[in-house]
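Trainee: I have a structure I would like to understand better, so I am pasting it below and will then ask my questions one at a time.
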Amino acid sequence: MCHALQEIGECNKRTFKIINLDPAAEVFKYRCDLDIRDMISVDDAQELMDYGPNGGLVYCMEYLIENIDEFMADINDFADESFFIFDCPG
């Protein structure tokens, strides 16, 4: 869906910024403009905390909440000129 929306936006001369909030994602068909995996990934959480995949995902979401100011600053860098699409886990 994100890929299709991004293509539609480009055809209509609109800027869509896609923000990946899935720390376990591995493959994208779309251009990811901001990625939680640049902060933390499920693999990192599993290794650091000795968690399984579900625990790693919860840890990543908690990490994002604790560092939301940094993440929001990145979003604000292109907020005035874009529409946002958030790709969530699941």
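Trainee: Quick one, which of (1) 25, 15, 11; (2) 27, 15, 8; (3) 32, 15, 11 is the actual semi-axes √(5λ) of the Cα gyration tensor in Å calculated for this model?
Mentor: (2)
Trainee: When Lys and Arg each count +1 and Asp and Glu each count -1, what net charge do the other residues less than 13 Å away from L5, Cβ to Cβ, add up to?
Mentor: Neighbour charge sum, excluding L5 itself: 0.
Trainee: Counting only C-alpha contacts under 8 Å and six or more residues apart, can you give the relative contact order of the stretch 3-58 as a whole percent?
Mentor: Taking the mean separation of contacting Cα pairs over the length of the stretch 3-58, I get 26 percent.
Trainee: Next question. For I8 and E70, calculate 0.36 nm times their separation in residues minus their Cα-Cα distance, and state this gained length in nm to one decimal.
Mentor: 19.4 nm
Trainee: Cα atoms only: what Rg and Dmax, in Å, come out for the stretch 28-81?
Mentor: My reading of the Cα-based Rg and Dmax gives 12.9, 41 Å.
Trainee: Still on this structure: Summing -39500 (n - 2.57) over the DSSP H runs of n ≥ 4 in the chain and dividing by its residue number, what mean residue ellipticity at 222 nm do you reach, to the nearest 500 deg cm²/dmol?
Mentor: -13500 deg cm²/dmol
Trainee: Continuing with the same structure: Is there a quick way to get the dipole size of the chain? I mean about its Cα centre, with the Cβ of Lys and Arg at +1 and of Asp and Glu at -1; what is the value in debye to the nearest 20?
Mentor: Dipole of the chain, to the nearest 20 debye: 540 debye.
Trainee: Which order do the peptides 15-21, 48-54 take when ranked by the mean count of other beta-carbon atoms within 10 Å per residue, highest first?
Mentor: Top to bottom by mean Cβ count within 10 Å: 15-21, 48-54.
Trainee: Also, I was wondering about something else. What percent do you get for the relative contact order of the stretch 25-90 when only Cα pairs under 8 Å and 6+ apart count?
Mentor: This gives 27 percent for the stretch 25-90.
Trainee: Still on this structure, I have one more. Where in the stretch 55-86 are there chymotrypsin sites (Phe, Trp or Tyr not before Pro) that are in a DSSP coil and have at most 13 other Cβ atoms within 10 angstrom of their Cβ?
Mentor: Sites meeting the loop and neighbour criteria: F78.
Trainee: Considering only protein heavy atoms, what per residue accessible area in square angstrom results for the chain with a 1.4 angstrom probe?
Mentor: 67 Å²
Trainee: Still on this structure, I have one more. By how many nm would the segment from D44 to F86 lengthen if fully extended, with 0.36 nm per residue of separation less the alpha-carbon distance?
Mentor: Gain on stretching D44 to F86: 12.9 nm.
Trainee: As I understand it, the dipole of the chain uses +1 on the Cβ of Lys and Arg and -1 on the Cβ of Asp and Glu, about the Cα centre. Which of S41, C60, I19 lies farthest toward its positive end?
Mentor: I19
The values are calculated or read from the model by the stated rules, or taken from the named source; none is laboratory data. Treat the numbers as computed from the prediction; the structure is a model and nothing was measured. All Cβ positions, glycine included, derive from the backbone under ideal geometry; neighbour counts span all protein chains shown. The area values use the complete protein model at the heavy-atom level, side chains included, leaving out ligands, DNA and RNA. Shrake-Rupley method; radii C 1.70, N 1.55, O 1.52, S 1.80 Å.
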